[in-house]
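Just below is one structure, and these are the notes that go with it.
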Amino acid sequence: MNSSSPSISASSKTPIKSDILDLSKIPEHIAIIMDGNGRWAKKRFLNRVKGHEKGAETVKMVVRVCREIGIGHLTLFAFSTENWQRPKNEITALMSLLKKFLLTEQKSLMENEIRLRAIGQLEKLPEDVLATLNRTMHLTRNNHGLQINLALSYGGRSEIVDMVRQIAEKVQSGMILPEAINREIVSQHLYTSDIPDPDLLIRTSGEMRISNFLLWQIAYSEICVTDTLWPDFSEDEFLAIIKNFQCRERRFGKV
Ligand code: FPP
């Protein structure tokens, strides 16, 4: 990551006007599967890590836009449980990129009232990364603007397994009756217990897959898959996707 690159707080080239978006119909929660960093680098004969570095710049743009238009939650799939199987050098590079991002953006997270949280099996992260993450979460805990939820060492199936285990323990100890288990109780035992379900799920790089992301939470999310590789994802395309979301009729299974 280039330290001179614009941070989250840098103002937009073109101000986001209410004639582009209906500001009364802004999604409360956008979740993104940021895919295609490796292909972006390969196309340029670059190391995959360069793709992740460019991808981190796109993260800053997306955060800035979300803050400017008043999105409540932005959940980013930054590292999956399956990503631990990548080559060691790529994992190390991703972890140090994450740590650098947290350190360099702390100031602008505070200036912009952004709260940072994380979901996933965080105990698997390297100690120094976890310490930086915990410090950033603590530092930003009272910010009430945009909330960024970083999905790190995250897998939807592991989340469901953890939820089942917690509920089973409560049933065993008599805290919950089996017949009392309902959708609310399940939701309350997920990593996202106090986060609303995503209204809009975006996936870049054209793959028509969910890849073990927020399996329970996306039951009624609107989905948008774009062929654009994550490092090339632009502010204009992001706004166009939100505009398209605003034109959709959400029926939640009803007529
Ligand atoms: C998927 O692309 C992307 C990842 C596994 C990592 C996402 C990380 C970033 C966007 C940068 C760092 C994040 C933060 C929050 C600072 P891929 O490598 O699977 O691409 P490919 O499918 O083309 O190989």
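The values are calculated or read from the model by the stated rules, or taken from the named source; none is laboratory data. Only a predicted model underlies this, so the values are computations on that prediction, with no experimental measurement involved. So basically every Cβ, Gly included, is an ideal-geometry build from the backbone, and we count neighbours across all protein chains shown.
Give me the pairs, please: first residue somewhere in the stretch 18-33 and modelled with pLDDT of 95 or more, second residue anywhere and surrounded by 12 or more Cβ atoms within 10 Å (Cβ to Cβ) and of a type in the set (Gly, Ala, Ser), beta-carbon distance under 8 Å, and either six or more positions apart or on two chains.
These pairs meet every condition: Ile26/Gly70; Glu28/Gly72; His29/Gly72; Ala31/Ser221; Ile33/Ser211.
May I ask you to say which residue of Ser221, Ser234 is surrounded by 11 or more Cβ atoms within 10 Å (Cβ to Cβ) and either in contact with an Asp or Glu (Cβ under 9 Å, 6 or more places away or on another chain) or basic (Lys, Arg) (or both)?
Ser221
For the stretch 241-255, which positions are without any contact (Cβ under 8 Å) to a residue 60 or more places away in the chain and within 19 Å of the chain's Cα centre (by Cα)?
Matches in the stretch 241-255: Ile241 only.
Quick test for you: out of Ile210, Ile202, pick the one residue that is surrounded by 14 or more Cβ atoms within 10 Å (Cβ to Cβ) and in a loop (DSSP other than H, G, I, E, B).
From the options Ile210, Ile202, the qualifying one is Ile210.
Restricting attention to the stretch 164-179, which residues are loosely packed, with under 14 Cβ neighbours inside 10 Å and part of a loop (DSSP other than H, G, I, E, B)?
Ser173, Gly174, Met175, Leu177
Going by the conditions given, is Ala31 more than 13 Å from the ligand (Cβ to nearest atom), closer than 25 Å to Pro196 by Cα and among the small types (Gly, Ala, Ser)?
Yes; evaluated as a whole, the condition is true for this residue.
Tally time: how many residues in the stretch 126-161 are surrounded by fewer than 21 Cβ atoms within 10 Å (Cβ to Cβ) and aliphatic (A, V, I, L, M)?
So the answer is 8.
Considering each residue of the stretch 189-241, count those that are on the phi > 0 side of the Ramachandran plot and either of a type in the set (Gly, Ala, Ser) or within 14 Å of the ligand (Cβ to nearest atom) (or both), and give that number.
Going through the stretch 189-241 one residue at a time, the tally reaches 4.
Within the stretch 237-247, can you find the residues that are out of contact with any helix residue (DSSP H, G or I) (no Cβ under 8 Å at 6 or more places or on another chain) and surrounded by 12 or more Cβ atoms within 10 Å (Cβ to Cβ)?
Of everything in the stretch 237-247, those that are out of contact with any helix residue (DSSP H, G or I) (no Cβ under 8 Å at 6 or more places or on another chain) and surrounded by 12 or more Cβ atoms within 10 Å (Cβ to Cβ) turn out to be Glu237, Ala240, Ile241, Lys243, Asn244, Phe245.
Considering only the stretch 180-187, I want to know if a residue exists there that is part of a helix (DSSP H, G or I), in contact (Cβ under 8 Å) with a residue 24 or more places away in the chain and away from the ligand (no atom under 16 Å from the Cβ).
Among the residues of the stretch 180-187, at least one is part of a helix (DSSP H, G or I), in contact (Cβ under 8 Å) with a residue 24 or more places away in the chain and away from the ligand (no atom under 16 Å from the Cβ), which makes the answer yes.
Of the residues in the stretch 45-77, how many are farther than 15 Å from Thr204 by Cβ and either within 7 Å of the ligand (Cβ to nearest atom) or part of a strand (DSSP E or B) (or both)?
Number satisfying all stated conditions: 2.
Filter the stretch 34-44 down to residues that are within 9 Å of the ligand (Cβ to nearest atom) and not in a helix (DSSP H, G or I) and give me whichever is nearest to the chain's Cα centre (by Cα).
If we take residues in the stretch 34-44 being within 9 Å of the ligand (Cβ to nearest atom) and not in a helix (DSSP H, G or I), then Met34 is nearest to the chain's Cα centre (by Cα).
In this structure, is Thr192 outside any helix (DSSP H, G or I) and surrounded by 14 or more Cβ atoms within 10 Å (Cβ to Cβ)?
yes
Write out, first by first residue and then by second, each pair whose Cβ atoms fall under 9 Å of each other, whose residues are 6+ apart or on separate chains, and whose first residue, in the stretch 142-159, is closer than 18 Å to His29 by Cβ while the second is of a type in the set (Asp, Glu) and surrounded by fewer than 24 Cβ atoms within 10 Å (Cβ to Cβ).
Final answer for the pair search is Asn143/Glu113; His144/Glu113; Gly145/Glu113; Leu146/Glu113.
Determine which single condition Lys88 fails, assuming it passes every other condition in (1) without any contact (Cβ under 8 Å) to a residue 60 or more places away in the chain; (2) within 12 Å of the ligand (Cβ to nearest atom).
Status for Lys88: all satisfied but (2).
Here are Arg117, Arg67, Arg86: which of them is on the phi < 0 side of the Ramachandran plot, within 13 Å of the chain's Cα centre (by Cα) and surrounded by fewer than 22 Cβ atoms within 10 Å (Cβ to Cβ)?
On inspection, the qualifying residue turns out to be Arg117.
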